[in-house]
Amino acid sequence: MIVTTFDTETTGLLHNPMARIIEFGMVKHDIETGEIIDTDQYLVIPDEKIIPHSDFNIPVQFCGISKEEILDTGIPYQEALHRFCGFIGRDLVWAWNLPFDMRMLLRYVEDAVYYQDNKAGAFEWTQRIRWGGCWQHLYAFSNVNTGRTERFDDGNLKTISMAKTMKYEGWDGEQPHRALEDALLAAKVGQKLFTQLNK
């Protein structure tokens, strides 16, 4: 079964209303065999009507992406969304922390509605996306009885970071915090989970 796992790098977290995606990384892979079929990665220039380029800041300590790199090589966010959708096709879409990435994507849709001329077409690309699920939540669920995760008082599972997952799985190196590399790690987790849950 072919799925697409993606990741984003952003200018901030969800509590910051001005935070936007600045990088996409996508991996098309066979969830049964682990075969990587295709990848894509690109930087995204925030729309200047929303974030003036003289004002926006990048959390370099997290992702190592500079503002200059984005302005020099990034693509407009409308183009980024169409490229994202074109890469996915009709795949199921997964992410390590899907709720976060999904809400960041929807900020771009809202931007298009409120700041672009073609309001009717702003949601066109979203109709094609088939949301799969969240590798992070599934990994936590699969490890609830191993001591690697636990539950909150309300019964919900505590999630596990990618860095901690790499440690648990014995994978060398550190989490790179770049979109494609993190998407590749998430795809690797996904293939392991698929194998584990289908034994």
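Structural remarks
- Share, in percent, of DSSP beta bridges within the chain that are antiparallel, nearest 5: 65 percent
- Protection proxy ranking for 164-174, 19-29, using the average of other Cβ atoms within 10 Å per residue and placing the highest first: 19-29, 164-174.
- Separation of alpha-carbon centers, region 1-30 and region 158-199, rounded to whole Å: 15 Å
- Among N156, N97, H82 - extreme Cα towards positive end, dipole of the chain, charges at beta-carbon: N156
- Filter on K28/K67; K28/K164; K28/K192; K28/K158; K164/K192 - keep pairs with C-alpha separation over 19 Å: K28/K67; K28/K164; K28/K158
- Coarse-grained scattering of the chain at q = 0.09 Å⁻¹, given as base-10 log I(q)/I(0) from a Debye sum over alpha-carbon atoms: -0.35
- Taking a Cβ cut-off of under 15 Å around T146, the surrounding Lys, Arg, Asp and Glu residues balance to a net charge of +4, with basic ones at +1 and acidic ones at -1.
- Take the Cα radius of gyration of region 137-199 and divide it by 2.2 N^0.38 Å, N being the number of residues; the result is 1.16.
- Placing +1 on the Cβ of every Lys and Arg and -1 on the Cβ of every Asp and Glu, with nothing else charged, gives region 2-197 a dipole about its Cα centre of roughly 600 debye.
No value in this document is a laboratory result; all are computed from the given coordinates. Only a predicted model underlies this, so the values are computations on that prediction, with no experimental measurement involved. Please note: Cβ atoms are built from the backbone with ideal geometry, for glycine as well, and neighbour counts cover all protein chains shown.
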